[in-house]
């Protein structure tokens with residue numbers, strides 16, 4: 001993202017507006033609680049028959065959003081070399097597809113059948129929708145036209161991680177912020193793997209704040225808990241589960257940590273639901289204090305600090321509800337467990353009143369509307385249930401199947417808008433409702449009002465990339481308690497921390513003689529000090545040989561490098577070593593530059609290692625593509641998507657471990673196709689005149705950061721003489 005367009009100013013945050021009556025802007029509805037105020041909804045339907053308004057071809061596993069006459073969802077599309085992620089919008093009345101955007105999945109181990117995991121976020125004020133892809137793309141679209149408003153690639157910019165499981169977090173919109181969480185391994189103080197919460201400006205994509213509310217090692221590299229907004233103690237909180245088994249609450253305006261509750265030994269996947277000052281949440285992993293799996297808890301959300309010992313109101317053990325999020329309605333807490341049972345608990349004490357079987361696998365979250373519960377079951381089912389004090393009555397249960405007869409997977413929940421019920425499946429997106437009798441569309445109650453401190457609060461952008469010798473402007477973000485523009489004309493004392501250059505009036509000009517830096521732009525306003533994280537990265541060409549760097553040094557501006565790569569003395573010369581991982585997967589990568597670079601060449605000297613049967617892999621990344629030397633297989637592979645090999649090709653290549661080779665990777669991209677070229681030769685030999693390995697991609701990746709990648713199973717890799725330069 002460009003930051004030089006940001007002018008120094010003091011900005012006003014608008015109070016959050018109530019969603020439009022018919023809009024379903026969040027995967028759990030406009031109030032983020034799985035409840036719709038609509039009445040007159042259907043009790044039953046049949047496939048291609050009664051109360052099915054339309055069906056459109058689509059492969060989805062998420063919950064749709066509805067903005068006006070648009071229903072939108074994300075999913076997957078294509079096969080073999082055309083596999084991609086897709087965001088699409090349809091006319092909510094007719095099912096006519098209005099637009100779609102297909103984009104590549106790359107530099108991830110997520111398999112194709114888990115693409116399109118996260119649901120969309122939506123904003124009634126701007127008419128925009130927000131999509132978080134499995135590989136870390138965060139895109140903002142105009143729902144009306146499909147125009148891409150802004151895009152961030154979170155993996156290359158901030159170190160957002162994606163695990164093989166594919167669990168991907170849904171973005172939410174509050175006021176003028178788009179908020180999401182994931183596990184990030186970035187740079188500087190963000191180099192350790194932690195659950196972090198990011199808030200972006202919904203109109204520009206600029207980073208407003210970043211919060212790392214806990215300092216605990218993550219237990220899972222992929223979780224899917226989605227934050228919610230709640231009022232407590234006179235302030236508005238964003239509350240979400242972490243990959244370290246904790247529930248975190250932060251101030252929604254600043255990301256400031258408010259409280260923590262330690263719930264589970266592993267990551268949290270379900271989202272919380274809040275009613276009044278009580279929060280309800282569940283998990284299905286091992287409990288902290290008892291050797292049993294699963295727990296449902298009710299928590300007081302008004303505390304501060306570590307509230308693990310004080311916030312719990314009640315608990316019920318051995319209910320394993322790891323993925324579905326609960327609903328609170330009319331004194332009952334409705335929850336779907338992992339085995340597909342809908343269970344009703346007294347919200348005041350957790351006493352179970354009844355249980356009703358929806359099927360065998362519970363992943364989707366229930367929705368309460370019109371006195372009924374609409375619940376999906378993974379094995380193709382949508383179930384409509386009438387809950388009562390002592391039990392539940394099944395009104396309808398239909399199964400969506402694939403052309404071959406097996407069930408079609410259904411992972412998302414339903415969305416409700418103007419009497420219609422929308423849901424996605426492996427075999428289409430469906431719209432259900434009465435054909436001629438319109439339901440009542442009651443307006444949602446107004447969402448939480450922002451409570452924010454008076455005076456300047458943050459420096460925006462909170463993280464950005466600058467260029468040597470070029471000025472980058474920062475602004476102070478400010479709101480008064482009344483929501484009016486702060487007229488105090490507060491002046492900041494600007495300074496630099498860990499950066500070389502000039503700072504004046506919020507404009508930072510990095511030292512033109514320093515191609516790479518990382519540090520902070522600091523603003524002091526009265527007794528408050530706020531910082532922006534800045535990486536300084538030179539334009540191409542680069543040449544890095546590590547000779548002038550100290551041992552154990554890691555380039556500070558590289559993403560996900562600290563603790564994985566460091567300078568070493570090897571045979572009397574300074575080189576970069578890829579380190580043995582003490583825990584976790586032995587596969588590591590680092591990104592070194594901007595995420596939008598294209599049409600460039602990268603080369604480096606590389607050396608693999610061998611120990612017994614263990615052999616390392618070593619590779620380069622450029623423009624979204626990877627050239628990889630595979631030790632155990634004795635081959636060379638060009639790929640973009642490790643889990644799927646979408647356009648990958650490999651060639652047998654016998655190479656000597658613990659011998660220096662030179663690798664060169666070139667990407668030629670004209671926007672219609674990409675040609676990926678590679679060559680490898682012994683460092684003390686002669687470079688081949690022709691490219692040895694060539695792959696054409698008919699669905700080209702738009703661009704990507706240069707980087708290094710390797711597999712080190714108890715042994716190390718080495719790199720030297722890295723060069724990055726524009727294609728001739």
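The values are calculated or read from the model by the stated rules, or taken from the named source; none is laboratory data. This is a predicted model, so every value here is computed, not measured. Note: ideal-geometry Cβ built from the backbone for every residue, glycine included; neighbour counts use all protein chains shown.
What do you reckon, is residue 615 more than 26 Å from the chain's Cα centre (by Cα) and outside the structural domain of residue 136 (by TED's automatic domain parsing)? For residue 615, the condition - more than 26 Å from the chain's Cα centre (by Cα) and outside the structural domain of residue 136 (by TED's automatic domain parsing) - is met. Where strands (runs of 3 or more DSSP E) fall wholly inside the range 396-471, the ranges with 2 or more residues that are at pLDDT 95 or above and under 27 Å from the mean Cα position of the chain (by Cα) are 415-417, 420-425, 428-432, 463-466. The selection criterion, being touching a strand residue (DSSP E or B) at 6+ places or on another chain (Cβ under 7 Å) and farther than 22 Å from residue 365 by Cβ, holds for residue 70. The numbered conditions (1) surrounded by fewer than 21 Cβ atoms within 10 Å (Cβ to Cβ); (2) modelled with pLDDT under 95; (3) under 23 Å from residue 188 (Cα atoms) are all true for residue 530 except (1).
For the range 323-336, which residues satisfy the criterion of being in a loop (DSSP other than H, G, I, E, B), buried (at least 23 other Cβ atoms within 10 Å of the Cβ) and without any contact (Cβ under 8 Å) to a residue 60 or more places away in the chain? Give the steps one after another, and end with the answer.
If we filter the range 323-336 for residues that are in a loop (DSSP other than H, G, I, E, B), which is where we start, we get 323-326, 330-331.
Checking the rest, the ones that are also buried (at least 23 other Cβ atoms within 10 Å of the Cβ) come to 323-326.
Correct list: 324 only.
Determine if the range 231-244 includes at least one residue that is touching a helix residue (DSSP H, G or I) at 6+ places or on another chain (Cβ under 9 Å) and touching a residue at least 40 places away in the same chain (Cβ under 8 Å). Steps first, answer last, please.
Quick first cut of the range 231-244, residues touching a helix residue (DSSP H, G or I) at 6+ places or on another chain (Cβ under 9 Å) only: none.
Within the range 231-244 (the criterion being touching a helix residue (DSSP H, G or I) at 6+ places or on another chain (Cβ under 9 Å) and touching a residue at least 40 places away in the same chain (Cβ under 8 Å)), the answer is no, since none of the residues qualifies.
Checked against the criterion of being without any contact (Cβ under 8 Å) to a residue 40 or more places away in the chain and in contact with a strand residue (DSSP E or B) (Cβ under 9 Å, 6 or more places away or on another chain), the candidates 702, 615, 679 yield just one match: 679.
Results for (1) assigned by TED's automatic domain parsing to the domain that holds residue 154; (2) surrounded by fewer than 18 Cβ atoms within 10 Å (Cβ to Cβ); (3) assigned to a loop (DSSP other than H, G, I, E, B), shown as yes or no for each residue.
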{"position": "63", "(1), (2), (3)": "yes, no, yes"}
{"position": "74", "(1), (2), (3)": "yes, no, no"}
{"position": "81", "(1), (2), (3)": "yes, yes, no"}
{"position": "87", "(1), (2), (3)": "yes, no, no"}
{"position": "107", "(1), (2), (3)": "yes, no, yes"}
{"position": "116", "(1), (2), (3)": "yes, no, yes"}
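Close contacts from the range 568-583, counting a first residue that is assigned by TED's automatic domain parsing to the domain that holds residue 605 and a second that is surrounded by fewer than 15 Cβ atoms within 10 Å (Cβ to Cβ), with Cβ to Cβ under 7 Å and a gap of 6+ residues or different chains, come to 568/551; 569/551; 574/547; 580/714.
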